[in-house]
Amino acid sequence: MLHLILIGAPGSGKGTQAANLVSQLGYKHLSTGDLLRSEISKGSELGKRVSGIISEGKLVDDMTVLELLRVNSDLSSGSYIFDGFPRNVEQAVLLEKHILGNNKFKVVYFEVDLEALKSRLVNRRTCPKCGEIYNLVFKKPSREDTCDKCGTSGLTHRKDDKEDVVVDRLNVFKQSTLPLLDYYNGQGVLSVIDASLPTDKVFNSVKNLI
Ligand code: AP5
């Protein structure tokens, strides 16, 4: 299996589909957002440095995120999903130079109307233990505030999922990340899927590309 790069606006469903690809097809999942949040919850120096930036919905600097990705990846051990990196053309160049090298990869763009994403994000809840992703509208846990998968109670609401921060994140996506589509289209590695469909249909679209 080729390595996969998932590109999509905040809330387009990258994390949800990455979890399916891991459990059903055996990919390894690297989410730079998850790696950064893990540093924040550990209280590391890096976590302290990036906490405010993430709460405001801005991008962390390229070299910090690249280094975090580099120490957490070993491409010889399996096929990887890169979720949340790259987020601009500079990061795409760094990814190829420092991590992908000559390894082949595909890029999947999760296309969805950006207006629809606010509701997905403000209603997102995540299990603090196993990371399972829920939604109070589209995917409710069967017992209130409790993870169906591991039984942990107290699902979390990300600080950057507040409505005003979501608006800023969507603007950052438009300005910094959308230009990546032309970049990867030019390389002939880009596929586009309709990420507005229900999650099982989105998963089928992704599977059909692999
Ligand atoms: P990150 O954690 O990467 O956030 P993101 O890219 O904004 O993406 P999300 O995790 O919000 O959304 P998703 O597409 O994974 O959606 P999900 O599947 O959860 O980054 C956070 C921050 O870290 C950044 O803002 C930045 O500060 C920093 N950062 C990270 N990477 C960086 C980098 N490379 N450089 C610099 N800074 C970086 O789904 C969302 C909700 O929708 C869920 O509730 C889900 O249940 C629901 N849902 C999913 N699919 C569907 C569907 N088909 N229909 C209905 N509901 C659905």
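Test Lys42 against the stated conditions and say whether it is within 25 Å of Cys130 (Cβ to Cβ), without any contact (Cβ under 8 Å) to a residue 24 or more places away in the chain and not small (Gly, Ala, Ser).
On the way: within 25 Å of Cys130 (Cβ to Cβ): yes; without any contact (Cβ under 8 Å) to a residue 24 or more places away in the chain: yes; not small (Gly, Ala, Ser): yes.
Answer is yes for this residue.
Can you spot a residue in the stretch 163-173 that is touching a strand residue (DSSP E or B) at 6+ places or on another chain (Cβ under 8 Å) and part of a helix (DSSP H, G or I)?
Applying the first criterion (touching a strand residue (DSSP E or B) at 6+ places or on another chain (Cβ under 8 Å)) to the stretch 163-173 yields none.
For the stretch 163-173, residues touching a strand residue (DSSP E or B) at 6+ places or on another chain (Cβ under 8 Å) and part of a helix (DSSP H, G or I): absent.
Please determine whether any residue of the stretch 183-195 is surrounded by fewer than 18 Cβ atoms within 10 Å (Cβ to Cβ) and within 13 Å of the ligand (Cβ to nearest atom). Step through it out loud before you land on a result.
Our first condition is that a residue be surrounded by fewer than 18 Cβ atoms within 10 Å (Cβ to Cβ); within the stretch 183-195, this holds for 183, 185-189, 191-192, 194.
Those still in the list that are within 13 Å of the ligand (Cβ to nearest atom) too: 194.
Yes; the residues of the stretch 183-195 include at least one that is surrounded by fewer than 18 Cβ atoms within 10 Å (Cβ to Cβ) and within 13 Å of the ligand (Cβ to nearest atom).
State yes or no: is Ile5 more than 18 Å from Val108 (Cβ to Cβ) and either surrounded by fewer than 17 Cβ atoms within 10 Å (Cβ to Cβ) or not hydroxyl-bearing (Ser, Thr, Tyr) (or both)? Walk me through it before giving the result.
Details: more than 18 Å from Val108 (Cβ to Cβ): no; either surrounded by fewer than 17 Cβ atoms within 10 Å (Cβ to Cβ) or not hydroxyl-bearing (Ser, Thr, Tyr) (or both): yes.
Spelling it out, it is not the case that Ile5 is more than 18 Å from Val108 (Cβ to Cβ) and either surrounded by fewer than 17 Cβ atoms within 10 Å (Cβ to Cβ) or not hydroxyl-bearing (Ser, Thr, Tyr) (or both).
Please indicate, with yes or no, whether at least one residue in the stretch 36-45 is near the ligand (Cβ under 8 Å from one of its atoms), over 23 Å from Val206 (Cα atoms), at pLDDT 95 or above and assigned to a loop (DSSP other than H, G, I, E, B).
No: zero hits.
Would you mind stating whether Leu4 is touching a helix residue (DSSP H, G or I) at 6+ places or on another chain (Cβ under 6 Å) and either of a type in the set (Ser, Thr, Tyr) or closer than 24 Å to Asn103 by Cα (or both)?
Numbers: touching a helix residue (DSSP H, G or I) at 6+ places or on another chain (Cβ under 6 Å): no; either of a type in the set (Ser, Thr, Tyr) or closer than 24 Å to Asn103 by Cα (or both): yes.
Judged against the criteria, Leu4 is not a match.
Tell me, please, whether a residue that is more than 10 Å from the ligand (Cβ to nearest atom), surrounded by 14 or more Cβ atoms within 10 Å (Cβ to Cβ) and of a type outside the set (A, V, I, L, M, F, W, C) can be found in the stretch 80-94.
yes
The values are calculated or read from the model by the stated rules, or taken from the named source; none is laboratory data. Note that the structure is a prediction, hence the values are computed from the model and not measured. Note that we place each Cβ from the backbone using ideal geometry, even for glycine, and neighbour counts take in every protein chain shown.
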